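**Q** What follows is a single structure, and I will ask about it in a moment.
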Amino acid sequence: MKKIIQTLLIAVLALIITACGKQPELPDNTNNAKNEDAADGDTLSQMKEKGVITIGMDDTLPPMEYRNDKNELVGFDIDFAEALAGELGVKVEFVPSAWDGIIPGLDAKRFDMILSAMNVTEERKKKVDFVEYFGVGQIVAVKAGNPLNIQSVEDLDGKTVGVQLGSTGETAVNSINGLKEVKKYDLTTDVFNDMGLGRVDAAVIGEMVGRYYMTTKPGVFEVVGDSFQVQPMGIAVRKGDTELREALEKAVQTLEDNGTLSKISEKWFGTDMTKQ
């Protein structure tokens, strides 16, 4: 009897020791990790499934994107985005974003892409992937009739030039030698007003903005010479979002080939920027 009891005790102890020594099973997160990795570069299929592409933009940048008197979003990028969405077979939803938070917003997946007059720079390439569409630069604008016969950047030697504070035009004048004076204004319209009054001889402004104002106020000023310091514009997508980037590249190429991008450009800038 004692032997039986001893045998049972040994068996129970063995079970206890085995149970205590057994490591708890950890949940298998392999599939979850794979799903998360797939989602990072799977924006295109998710977008197709929803039937909507979301686009981040700063809606305070006329003529690229801004709100009209009816608070409707209008501008070059709006028309361009609608055309792109048509090629992709989806609808478009715009997500307004402050400029300084627009790339972080893309990273946080608040929207699928950025289309907001964004220049392609080496610094931005470290953070996002780009689909380029056309290049834009700076232009020299003068009073209608060009009374000082300014024909190029070189002719600004000894002249007083107006620029908008914080603009690419302000940066560009730093590369122009021999200027008599650079006057800086809060608004582009103030530059034009002073040019009309003869307080500045010329203005250096972003090409898109300058050509837009030419279409809204014909006969007030004119553009002389060629654009300079040209930089490409780009649609920004998240790093590694390869399928979406390739689909957008194909859509942009189609819009260039069929003339749609040229028509949108002529509507907003009075010229075909794709030929620059």
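The values are calculated or read from the model by the stated rules, or taken from the named source; none is laboratory data. Fair warning: this is a prediction, and the values are worked out from it, not measured in the lab. All Cβ positions, even for glycine, are placed from backbone atoms using ideal geometry, and neighbour counts span all protein chains on display. In case anyone asks, the SASA skips ligands and DNA or RNA and just uses the protein heavy atoms, side chains included. Shrake-Rupley method; radii C 1.70, N 1.55, O 1.52, S 1.80 Å.
**Q** Can you tell me which residue within the stretch 106-153, out of those that are more than 21 Å from Asp226 (Cα to Cα) and of a type in the set (Ser, Thr, Tyr), is least open to solvent (accessible area, probe 1.4 Å)?
**A** The selected residue is Ser116.
**Q** While we're here: Restricting to the stretch 79-104, give me the number of residues that are open to solvent by less than 30 Å² (accessible area, probe 1.4 Å), over 22 Å from Lys48 (Cβ atoms) and of a type outside the set (S, T, N, Q).
**A** Residues flagged as open to solvent by less than 30 Å² (accessible area, probe 1.4 Å), over 22 Å from Lys48 (Cβ atoms) and of a type outside the set (S, T, N, Q) within the stretch 79-104 amount to 3.
**Q** To continue, here is another question. In the stretch 156-166, how many residues are surrounded by fewer than 19 Cβ atoms within 10 Å (Cβ to Cβ) and closer than 20 Å to Val209 by Cα?
**A** 2
**Q** If I go through the stretch 184-216 residue by residue, how many of them are open to solvent by 20 Å² or more (accessible area, probe 1.4 Å), among the hydrophobic types (A, V, I, L, M, F, W, C) and within 14 Å of Val163 (Cβ to Cβ)?
**A** 3
**Q** Quick check: is even one residue across the stretch 125-138 at pLDDT below 95, closer than 23 Å to Glu266 by Cα and over 14 Å from the mean Cα position of the chain (by Cα)?
**A** Scanning the stretch 125-138, I find at least one residue that is at pLDDT below 95, closer than 23 Å to Glu266 by Cα and over 14 Å from the mean Cα position of the chain (by Cα), so the answer is yes.
**Q** I would also like to ask the following. Return the only residue of Glu181, Glu249 being under 30 Å from Glu49 (Cβ atoms), touching a strand residue (DSSP E or B) at 6+ places or on another chain (Cβ under 6 Å) and surrounded by fewer than 20 Cβ atoms within 10 Å (Cβ to Cβ). Show your work before the answer.
**A** On the way: Glu181 fails: under 30 Å from Glu49 (Cβ atoms).
When all the criteria are applied, what remains is Glu249.
**Q** Out of Glu243, Glu266, which single residue is of a type in the set (Asp, Glu), in a helix (DSSP H, G or I) and touching a residue at least 12 places away in the same chain (Cβ under 8 Å)?
**A** Exactly one of Glu243, Glu266 is of a type in the set (Asp, Glu), in a helix (DSSP H, G or I) and touching a residue at least 12 places away in the same chain (Cβ under 8 Å), namely Glu243.
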